Structure formats: C-alpha cells, structure tokens
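Working notes for the structure below.
The values are calculated or read from the model by the stated rules, or taken from the named source; none is laboratory data. Since the model is a prediction, treat every value here as computed from it, not as a measurement. Note: ideal-geometry Cβ built from the backbone for every residue, glycine included; neighbour counts use all protein chains shown. The protein model used for the area step is the full one, side chains on, heavy atoms only, and it has no ligands, DNA or RNA in it. Shrake-Rupley method; radii C 1.70, N 1.55, O 1.52, S 1.80 Å.
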Amino acid sequence: MKAEFGDIKNSFGEIRLFPENTDDLWHIGHIIRESDLVFATTFRSLDSATDKARPEKMEKKPVRLGIRVEKVEFHHNANRLRISGIIEQGLDTGFHHTINLEAGFEISVIKNWRKIDLERIDRAVKASVTGVVHIVAIEEGEAEIYRIRQFGPERFTTISGGSGKREGLDMRTGFFDEILSNLSNVTGPVVVAGPGFIKEDFMKFLEGKDRDLASRYVVADTRRIGRGAVQEVIGQGILNRISEDIQLAREVSCMDELIARILSGGNAAYGIDEVENAVAMGAADEVLVTDELIRDLRVSELLDKAENMRAKITVLSSEFEPGKQLDAFGRIAVLLRYSMG
C-alpha cells in the first residue's frame, strides 16, 4: 500500500491510501470506522436519486463523493471493500451510497487517527516493498501451496504426484516440476515445510535446476502436514526471519502465552469487563483483541485508555487460528504486569 499524509493536527486530518492488493483492502477495512469521512471516485446513477418518476435504469457514471461511514464490509474472495454511508459532499447529498473499493483505486480518509491505525498503515506500506511469502507443505505424493496474507494463510493450490519410493523417479520429477510451475510467478520468499526427507529431496532438485532461485527457498521441519505444517512454520518464528512485516508469528506467540498463563493461574485476564478493570488499575501490559471487535465503541475507547497507560495493543486476525482461539475468551484479553488477585 502507498500512503500520502495530509495536514494532521492533534491526531485529526486526512490520509490518502492507495491499496495495491487484497491485503491492503483488508487493512483499510479495519482502519475505516463508523462516522469517519471518506472520499473516493465511485459510480452512481446521476438521476437515480433526483428523478424517481423515471422507471428505466439509468447509466452509472464516475463521480467523486464524500460519505459519512455507517458500515464497512471486507470480501477477500471478491477482492473488494464495501463502504456504505450517507453522502455529505458531492452529488445527491443526504442519500445513501456504497463505495466498492478495489486494489489500484485511491481513497481519502479524514478522521481522528489512533496509534494502532497509523501502525497498521506503516505495516501495510512496508509490506508493499516485499514479495508475498508462500509456504509449500509437502509430503510424499502431495503438496499444498499457501500464500501468507495479512489476514492469514490462504491456500493457493493442491498438487498430487508420484512418490519416488512407490512410483519411480520419473513420477517424482514430474511432481517436483509441477510444484515449481505453480510457483513460477512468485517473487517473494518460499518456505518448504513438512515431515520426512521429501522437502530436502525437493530442494536438491531445485538447486540442480536453478541455484539462484533456490536461494529464496527455506526448509522447515514440521511434524504435521497441510495447514498444520503452515501453523508450525509460523509458530517457529521462521516468517519473522524472512519478513519483518508478517505479524502472524506474533499472534501465535501471544495466544500461546495467554493460554499458558490462564492454565497456570498466571497474570492474565479475559473478557471485556476484566480487561477494563485491568486497564483502570494500570495492570495491563498487553491487550489482545480481535480485529472484528475493535469497531465496538466501548472497545475502541478502552484501547485508547490502554495506550495512554502505555499498554501494548495486539490486534489478531479473526480469520486466522489465534484470533479464533481468542473468540473463545470473549475476543479480548490482557497480559498483566502483576497479579490483580
């Protein structure tokens, strides 16, 4: 993502955002909140709101509108962000309109900017200069390729092939070739993960074909296969060493720490009431919250108080396993500086 900062005073002002991919749309979907003012070029039927007597469908034309946000919906499968609200500036003031934001189109956001919003923009901007990380979860006869999106692992494809032990070397070579073919347009780092020795055999095959290409590949040993192998790779911290932008390892680590503390009766609490109490007492060291919950006004105000008390804020993706785990704890929890009990 690219960002252009306007004149911002006392945390209020305008930032223009230029999403370049699905990840950027996901970020923007959690930056924009109810009552924010956004400007974008959108399509609207010019006579739809002013000439209700005409039954025929009017042609939609591009116009630039400013809308006061009421609802934001992110659809990563459709690669678009739907932003709905009341038109405040431009054609048909006072009427409802929905902006369908896609990658490659600019949007301007005017609001009170919080620290976590600016940190999210910084993360997205940094991520735009590096290739997307891919993980190949490989076993004898099958490989699954995952893209590591900002919102979590996304399965790209599954490849079935022969085993060198059972089907002969030619079948295995064809299997390896098909994996490389599916990664031909990948410019970022690739992690080859799984149990056993097939991942090392694949790397030897790759080095024999293209040593420079092989230098972008990293091998990771896991006990599980498929999506489980991806989870292990993230938990091992391998992605942090590959790309500083990838936050998923941090989310896994935070949830592991939270669960360990809860099971041992350590310094942790969960649920909105308990977290509010911890923040009020100055006991909050780090607040964990799902991205879906930060839109709630009560939670938004709580996070502001926590930041003012110098507590860290970690936002977990609700589409990735740690965020789903946090759902079971009320979607918000806190790691404490000291026991409140």
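This model, with +1 at the C-beta of Lys and Arg and -1 at the C-beta of Asp and Glu, gives segment 88-128 a dipole about its Cα centre of some 340 debye. The residues of the chain expose, per residue, 49 Å² of accessible area to a 1.4 Å probe.
Relative to the longest principal axis of the Cα atoms of the chain, the long axis of helix 226-235 lies at roughly 70 degrees.
Counted over the chain, the DSSP beta bridges are approximately 80% antiparallel. Placing +1 on each Lys and Arg Cβ and -1 on each Asp and Glu Cβ, with no other charges, gives segment 280-341 a dipole about its Cα centre of roughly 240 debye. Ordering 317-330, 173-186 by mean Cβ neighbour count within 10 Å, with the highest value first, yields 317-330, 173-186.
By how many degrees, 0 to 90 and rounded to 10, does the Cα axis of helix 297-308 deviate from the longest principal axis of the chain? Roughly 70 degrees, rounded to the nearest 10. Distance check, please: which entries in LYS115/LYS305; LYS115/LYS312; LYS126/LYS305; LYS9/LYS111; LYS111/LYS324 exceed 19 angstrom between their Cα atoms? With Cα atoms farther than 19 Å apart: LYS126/LYS305; LYS111/LYS324.
Note on the chain: helix-only mean residue ellipticity at 222 nm, from DSSP H runs of 4+ residues weighted -39500 (n - 2.57) and normalised by residue number, equals -10000 deg cm²/dmol. Of the GluC sites (Glu not before Pro) found in segment 185-235, none is in coil by DSSP with at most 16 other Cβ atoms within 10 Å of its Cβ. ARG80 sits among other residues whose Cβ lies under 13 Å from its own Cβ, and their net charge, with Lys and Arg +1 and Asp and Glu -1, is -2. Heavy-atom accessible area with a 1.4 Å probe sorts THR158, THR42, THR187, largest first, into THR187, THR158, THR42. Taking only protein heavy atoms and a 1.4 Å probe, the accessible area of segment 194-318 is 47% carbon and sulfur. Here is the P(r) of the chain: all C-alpha pair distances, binned every 20 Å from 0, give 27, 48, 24, 2 in whole percents.
Could you give the angle, 0 to 90 degrees to the nearest 10, between helix 22-31's Cα long axis and the longest principal axis of the Cα atoms of the chain? Computed tilt is about 40 degrees. Volume per residue for segment 172-326 equals 132 cubic angstrom (convex hull of Cα atoms). Test of the criteria: in segment 59-105, which GluC sites (Glu not before Pro) are in a DSSP loop and have at most 15 other Cβ atoms within 10 angstrom of their Cβ? Passing both the DSSP loop test and the Cβ count: GLU59, GLU102. Put a plus charge on the Cβ of each Lys and Arg, a minus charge on the Cβ of each Asp and Glu, and nothing anywhere else: the dipole of the chain about its Cα centre is then about 320 debye. Label-to-label distance for PHE12 and LYS204 is 6.7 nm, based on points extended 7 Å past Cα in the beta-carbon direction. Antiparallel DSSP bridges in segment 206-341: what percent, to the nearest 5? Of those bridges, close to 60 percent are antiparallel.
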